[in-house]
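Taken together, the values in this text are just the output of simple stated rules run on the coordinates, not laboratory data. As the structure is a computational prediction, the values presented were derived from the model and not from experiment. Backbone-built Cβ (ideal geometry, glycine too); neighbour counts: all protein chains shown.
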């Protein structure tokens, strides 16, 4: 696989991580130009690979799309780190890397001897990055934390999105917090690289799923701290401060979302575009204050208007509107959105079997170019190359295979 160019070209990252949170950071960093080598167990590999066998991942033409989107562009080197010979190979490799990236828990890092002090004994200048469920300190430091637990439930997002009296909580979509957390890690690594380049100091970086979830929910968390006795906020779209913000159902049961925060600026134009100019001077809706006072009547008026046409019609009618609005699209519709094609938000990636898989590109473009992801590696695909680069002979590599130190 060809290494892409980018702002992190020349940066080398060694990853010992599984599933999505943390590994997807490596995928992003590869699209930004870094070389990312993933260390995997010779037999089991990243446990995320096995979710196909368990029926938790769907395949397309024999390709596990979930593993591909998480591990795009990496190299896979299979080493058994439980064996002393395997750890010695790792220690030799780490001398030539800029970043060590892991989401293993502290007890596992200690057993494998890959803690900060272990790795820095062989490369004092390496940036050491830990992703965790709940953070590097505290009573839950050893606790595992997938995003549905640490990010969605414990950080407060599940409660914030679940309506009162609901029989079950609203759940996140798969890897919902992991992908945001991965972007956070990627940005933190870029910042740590800058710090090392300007000060010579190598950082230890910590990012937790719980903290990422709290960051996203911080307006509610901050206000809760100021007014702890306040009841949970319940959204009532007919008691809104601005009827020009919120979803409206179309005749065929779809939704158009209005997001016109500056109501007085956009009300006349919206009324014209909707085909109801008579509402511009309607006394009940004449300005923001009266629309707030008469919010129920205003929302119900707009409800009736949007219910008079189908979704596709409104998408055309609203195109000249000056205020912000958006159709509520399905994931399948997003694929066909012309804005996606114009900006290169999807890329066709050739798989090892010759088929193509469409992947979302990482959401940062440099110098007007969208990222071009590459496929994820087969387990141990780059083991021999990596060891030859270390100076090992073919006889030594054969011996390591026989002793099952490598795959």
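Restricted to Cα atoms, segment 237-330 shows a radius of gyration and a Dmax of 12.1, 38 angstrom. Take the Cα of residue 339, step 7 Å toward its Cβ, do the same at residue 307, and the gap between the two points is 2.8 nm. What does the C-alpha gyration tensor say about the overall shape of segment 144-183? Classify as rounded when a/c is under 1.5, otherwise prolate if a/b is larger than b/c, or oblate. The shape class here is prolate. Stretched out straight at 0.36 nm per residue, the stretch from residue 389 to residue 197 would grow longer than its current Cα-Cα span by 66.5 nm.
Grab the DSSP H runs of the chain that are 4 residues or longer, score each as -39,500 (n - 2.57), total them, divide by all residues and round the 222 nm result to the nearest 500 deg cm²/dmol.
Values: 17 runs with 148 residues, N = 407.
Rounded to the nearest 500, the figure is -10000 deg cm²/dmol.
At 0.36 nm per residue, and after removing the present C-alpha to C-alpha distance, how many nm does the segment from residue 222 to residue 166 gain when stretched out fully?
Numbers: separation 56, 0.36 × 56 = 20.16 nm, distance 2.49 nm.
Working it through step by step, the gained length comes to 17.7 nm.
Taking other C-beta atoms within 10 Å as the exposure proxy, 140, 125 rank 125, 140 from fewest upward. Label-to-label distance for residue 280 and residue 360 is 4.0 nm, based on points extended 7 Å past Cα in the beta-carbon direction.
Among beta bridges identified by DSSP and lying wholly in the chain, the antiparallel ones come to about 45 percent. The value of relative contact order for segment 237-330, using C-alpha pairs under 8 Å at least six residues apart, is 42 percent. Of the peptides 190-200, 143-153, the order by per-residue mean of other Cβ atoms within 10 Å, starting with the highest, comes out as 143-153, 190-200. Give the shape of the chain as rounded, prolate or oblate, defined through the alpha-carbon gyration tensor: a ≥ b ≥ c are the square roots of its eigenvalues, a/c under 1.5 means rounded, and otherwise the shape is prolate if a/b is larger than b/c and oblate if not. Prolate, because a/c is 1.5 or more and a/b exceeds b/c.
Per-peptide packing, taken as the mean over residues of other Cβ atoms within 10 Å, places 23-32, 248-257 in the sequence 23-32, 248-257 from highest down. Pairwise alpha-carbon distances in segment 332-407 exceed 17 Å for 62% of all pairs. Each of 67, 306 has some number of other Cβ atoms within 10 Å of its Cβ, and from fewest to most they run 306, 67.
Grab the Cα-Cα distance for residue 255 and residue 350, subtract it from 0.36 nm times how many residues apart they are, and report the gain in nm with one decimal. Walk me through the intermediate numbers first.
Values: separation 95, 0.36 × 95 = 34.20 nm, distance 3.57 nm.
Full extension from residue 255 to residue 350 adds 30.6 nm.
Peptides 77-86, 33-42 ranked from most to least packed give 33-42, 77-86, packing being the mean of other C-beta atoms within 10 angstrom over each peptide's residues. For the chain, relative contact order (Cα pairs under 8 Å, six or more residues apart, normalised by length) works out to 19 percent. Rounded to the nearest 10 degrees, the inclination of helix 84-94 to the longest alpha-carbon principal axis of the chain is 60 degrees.
With N as its number of residues, segment 49-183 has a Cα radius of gyration that, divided by 2.2 N^0.38 Å, comes to 1.29. When each of 394, 215, 314 is scored by the number of other beta-carbon atoms lying within 10 Å, the sequence from fewest to most is 394, 215, 314.
Note on segment 1-120: along the principal axes its Cα atoms extend 42, 35, 21 Å, ordered by decreasing extent.
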